[in-house]
Amino acid sequence: MENTENTENTNEPREIFSITPKTDCPHIKSEFVEIWAQKPVDVKKSCEICNESNENWRCIECAKVLCSRYVNAHMTEHYTKTNHSLAISFFDLSTWCYSCDSYVTSKILSPILKDVYMSKFGTLPPNSDKDSDNNGEGSSFTRS
Ligand SMILES: [Zn+2]
Ligand SMILES: [Zn+2]
Ligand SMILES: [Zn+2]
């Protein structure tokens, strides 16, 4: 038996931290948040077409869960068919606009982000309540 060395480069980092998302995507609409709220998010859901369970995205416009371009590109195909531009990643919670061909960010989408974060980590994002600065939780509660 020979040891075939198979060097796959499919897991190389995608520089998610060096990307600056667009802040002026014209495709983001506040009604998406209402559509989103009608169907509970489940980050463990697999692609509706190929059943892939890694790296799925959810369409922000119709709540379909489909796989990324790094898998079978069913979300890309969904955009081609429906012109639904916006999807959010269950992998790193980034929002992609296919029409802008860019990562995007908007205050409008924050309830959606929060929702995915909750489903993924079971807790609210650390910076979600801005008016409480609790460093060292539970350390100094003074009861009278
Ligand atoms: Zn856009
Ligand atoms: Zn798929
Ligand atoms: Zn869609």
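The values are calculated or read from the model by the stated rules, or taken from the named source; none is laboratory data. All of these numbers come straight from a predicted model, not from anything done at the bench. As a convention, Cβ positions derive from the backbone with ideal geometry for all residues, glycine included, and neighbour counts pool all protein chains shown.
It is to be established whether one or more residues within the range 76-85 are surrounded by 15 or more Cβ atoms within 10 Å (Cβ to Cβ), in a loop (DSSP other than H, G, I, E, B) and modelled with pLDDT of 95 or more. Scanning the range 76-85 turns up at least one residue that is surrounded by 15 or more Cβ atoms within 10 Å (Cβ to Cβ), in a loop (DSSP other than H, G, I, E, B) and modelled with pLDDT of 95 or more. Restricting to the range 45-61, give me the number of residues that are modelled with pLDDT of 95 or more, over 22 Å from residue 20 (Cα atoms) and out of contact with any Ser or Thr (no Cβ under 6 Å at 6 or more places or on another chain). Of the residues in that region, 7 qualify.
Only one entry in 69, 58 is closer than 21 Å to residue 123 by Cα, within 16 Å of ligand 3 (Cβ to nearest atom) and either aliphatic (A, V, I, L, M) or free of Cβ contacts under 8 Å to residues at least 60 places away in the same chain (or both), namely 58.
Filtered by the rule that a residue be more than 11 Å from ligand 1 (Cβ to nearest atom), surrounded by fewer than 21 Cβ atoms within 10 Å (Cβ to Cβ) and among the aromatic types (Phe, Trp, Tyr), the range 86-108 gives a lone residue, 91. The residue that is farthest from residue 39 (Cα to Cα), counting only those in the range 51-63 that are more than 16 Å from ligand 1 (Cβ to nearest atom) and crowded, with 21+ Cβ neighbours inside 10 Å, is 56.
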